[in-house]
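**Student:** What follows is a structure written as structure tokens; I'll ask about it next.
The values are calculated or read from the model by the stated rules, or taken from the named source; none is laboratory data. Keep in mind that this is a model prediction, so the values were computed, not measured. Every residue, glycine among them, receives a Cβ derived from its backbone with ideal geometry; neighbour counts consider all protein chains shown. Keep in mind that these areas ignore ligands, DNA and RNA; they rest on the heavy atoms of the full protein, side chains included. Shrake-Rupley method; radii C 1.70, N 1.55, O 1.52, S 1.80 Å.
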Amino acid sequence: MKPRIALVALSLVLSLLIGFTLRRGAGSGASQASGRPIIGLSMDTLEVERWQHDRDLFVARAKELGAEVLVVSANGNDTRQIRDCEALISNKISALVIIPHDGAAMAKAVNLAHEAKIPVLAYDRLILNSDLDLYLTFDNVRVGELQAGYLVDKLKGRKAKIVRLLGSKTDNNAFLFKQGQDNVLNPAIARGDIEIVHEDWCDGWRPENAKKVLNAAITKSGRDIDAVLCSADILSAGAIQVLLEEGLAGKVLVTGQDADLSSCQRIVEGTQSMTIYKPIKNLANAAAELAVKLARREVVVAKEELNNGKINVPAIFLPVHVVDKDTMESTVIADGFHTRESIYKQ
Ligand code: GAL
């Protein structure tokens, strides 16, 4: 699977990189547009495991391409993330890459960068209501479809009760995951196969908020639950703590996303059912390559687009993969994302 995932992703990136020329690209106040460009990477947080992989891979690829990367992380604080971007802009970056904590709040950073003639690439999460130059992400609607599809398939034949833990309302991705889940759940609910006994958003993607939502569900509807539909592994981590306290761990299906090491460990142990593996290397590499192009004022093309409330942003969507006990070896391990030893704690 390793070469297959890598090749599929690579060919997808290549095939998408045709036909859409970005509007911005010529003329820059930045001094490094040729030679060794400096790229600013403004991150929401480094507290969640996945974002540490993103940073390391992005920086490594940009360096290979001859660029320097300045990385800042805002710890989930919007004021700080704006200040981070201002600091990067005054550090003479030639391109700005943002993983927004709040996709609406960071429109201001796009404006500030554009005033300094610096192009902006949104990484993984969309920046709303702005003249964003490029958006690079995974197929987030598909993530939600695969999560819900896994449950509907496993729960076939039962009148199943599901609790749904949605993501952070400040993250546009959380709505895309929900949209994908709805695509699959709504027909099953209409058929009477599935009942959503409780659902709520988990602010800041925090595991403690996932615990609160699941505890509220149990208080409201009791322990008779068949599945907890978690939009990401960081939420399944909190949910599974509650299930352990309730003696329900391993008896209730739990979804996730990100193939975090602790989630992969829980999957082979049996307390989590599945996760979505998003080959971060493909995203980080493609983002670094495109950011360097933007920094060098080369033409960048993207075939897809996504409306951010103001414009149709040129966009690239990378494919995602379901991982459970049976496919751990052929996906995450074969791809070198985690070692077999670390997952099985050998
Ligand atoms: C989303 C991201 C997911 C997950 C989540 C929590 O925006 O797409 O992969 O990491 O944030 O950090």
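**Student:** Look through region 149-183, keep the residues that are in contact with a Phe, Trp or Tyr (Cβ under 8 Å, 6 or more places away or on another chain) and not hydrophobic (A, V, I, L, M, F, W, C), and return whichever of them is most open to solvent (accessible area, probe 1.4 Å). Lay out the reasoning, then the answer.
**Tutor:** Here is the first cut: in region 149-183, the residues in contact with a Phe, Trp or Tyr (Cβ under 8 Å, 6 or more places away or on another chain) are 166-169, 171, 174.
Filter once more, so that each one left must be not hydrophobic (A, V, I, L, M, F, W, C): 167-169, 171.
Details: Gly167: 0, Ser168: 4, Lys169: 117, Asp171: 5 Å².
Once the filter is applied, the top-ranked residue is Lys169.
Condition check ((1) assigned by TED's automatic domain parsing to the domain that holds Ala239; (2) closer than 21 Å to Asp226 by Cβ; (3) within 12 Å of the ligand (Cβ to nearest atom); (4) crowded, with 22+ Cβ neighbours inside 10 Å) across all residues:
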position	(1), (2), (3), (4)
Leu185	yes, yes, no, yes
Arg191	yes, yes, no, no
Ile194	yes, yes, no, yes
Cys202	yes, yes, yes, yes
Lys211	yes, yes, no, no
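**Student:** Every residue in region 34-73 that is charged (D, E, K, R), outside any helix (DSSP H, G or I) and surrounded by fewer than 17 Cβ atoms within 10 Å (Cβ to Cβ), please.
**Tutor:** Here is the first cut: in region 34-73, the residues charged (D, E, K, R) are 36, 44, 47, 49-50, 54-56, 61, 63-64, 68.
Now narrow it down to the ones that are outside any helix (DSSP H, G or I): 36, 44, 47, 68.
Within region 34-73, Arg36, Glu47, Glu68 qualify.
**Student:** Just give me the residues in region 221-247 being charged (D, E, K, R) and farther than 25 Å from Phe175 by Cα, in sequence order. Give the derivation first.
**Tutor:** To start, the set of residues in region 221-247 that are charged (D, E, K, R) comprises 223-224, 226, 233, 245-246.
Across region 221-247, the qualifying residues are Arg223, Asp224, Glu245, Glu246.
**Student:** How many of the residues making up region 336-345 are open to solvent by 60 Å² or more (accessible area, probe 1.4 Å) and not in a loop (DSSP other than H, G, I, E, B)?
**Tutor:** Qualifying residue count for the region: 3.
**Student:** Mind listing just one residue for me: the one in region 74-85 that is closer than 23 Å to Asp258 by Cα and open to solvent by 50 Å² or more (accessible area, probe 1.4 Å) and, of those, nearest to the ligand (Cβ to nearest atom)?
**Tutor:** Asn75
**Student:** Go over the candidates Gln257, Gln346 one by one and state the one that is modelled with pLDDT under 95, out of contact with any Gly (no Cβ under 7 Å at 6 or more places or on another chain) and not acidic (Asp, Glu).
**Tutor:** Only one candidate qualifies: Gln346.
**Student:** Quick check on my filter: what residues within region 244-279 are touching a Lys or Arg at 6+ places or on another chain (Cβ under 8 Å) and away from the ligand (no atom under 16 Å from the Cβ)?
**Tutor:** Hits for region 244-279 are Glu246, Leu248, Leu253, Gln265, Ile267, Val268, Gly270, Ser273.
**Student:** Right, Leu121: open to solvent by less than 40 Å² (accessible area, probe 1.4 Å), within 19 Å of Arg296 (Cα to Cα) and part of a loop (DSSP other than H, G, I, E, B) or not? Write out each step before concluding.
**Tutor:** Working: open to solvent by less than 40 Å² (accessible area, probe 1.4 Å): yes; within 19 Å of Arg296 (Cα to Cα): yes; part of a loop (DSSP other than H, G, I, E, B): no.
Against the criterion (open to solvent by less than 40 Å² (accessible area, probe 1.4 Å), within 19 Å of Arg296 (Cα to Cα) and part of a loop (DSSP other than H, G, I, E, B)), Leu121 does not qualify.
**Student:** Looking at Leu96, Leu146, which one is open to solvent by less than 10 Å² (accessible area, probe 1.4 Å), at pLDDT 95 or above and either touching a Gly at 6+ places or on another chain (Cβ under 9 Å) or part of a helix (DSSP H, G or I) (or both)? Don't jump to the end; show me each part of the working.
**Tutor:** On the way: Leu146 fails: open to solvent by less than 10 Å² (accessible area, probe 1.4 Å).
After ruling out the rest, the residue left standing is Leu96.
**Student:** Same structure, new question: Applying the selection to region 132-169, what residues are of a type in the set (Gly, Ala, Ser), away from the ligand (no atom under 16 Å from the Cβ) and farther than 13 Å from Asn183 by Cα?
**Tutor:** The answer is Gly157, Ala160.
**Student:** Of all the residues that make up region 99-118, how many are away from the ligand (no atom under 16 Å from the Cβ) and either in a helix (DSSP H, G or I) or among the small types (Gly, Ala, Ser) (or both)?
**Tutor:** First pass over region 99-118, keeping only residues away from the ligand (no atom under 16 Å from the Cβ): 107-118.
Now restrict to residues that are either in a helix (DSSP H, G or I) or among the small types (Gly, Ala, Ser) (or both): 107-116.
Qualifying residue count, region 99-118: 10.
**Student:** Here is a further query. List the residue pairs whose Cβ atoms are under 7 Å apart, where the first residue sits in region 231-259 and is among the β-branched types (Val, Ile, Thr), the second is within 10 Å of the ligand (Cβ to nearest atom), and the two are 6 or more positions apart or on different chains.
**Tutor:** Close Cβ pairs satisfying both conditions: Ile234/Val48; Ile234/Trp205.
**Student:** Which numbered condition in (1) under 24 Å from Val320 (Cβ atoms); (2) in contact (Cβ under 8 Å) with a residue 24 or more places away in the chain; (3) within 21 Å of the chain's Cα centre (by Cα) is the only one that Val152 fails?
**Tutor:** So Val152 meets the others, but not (3).
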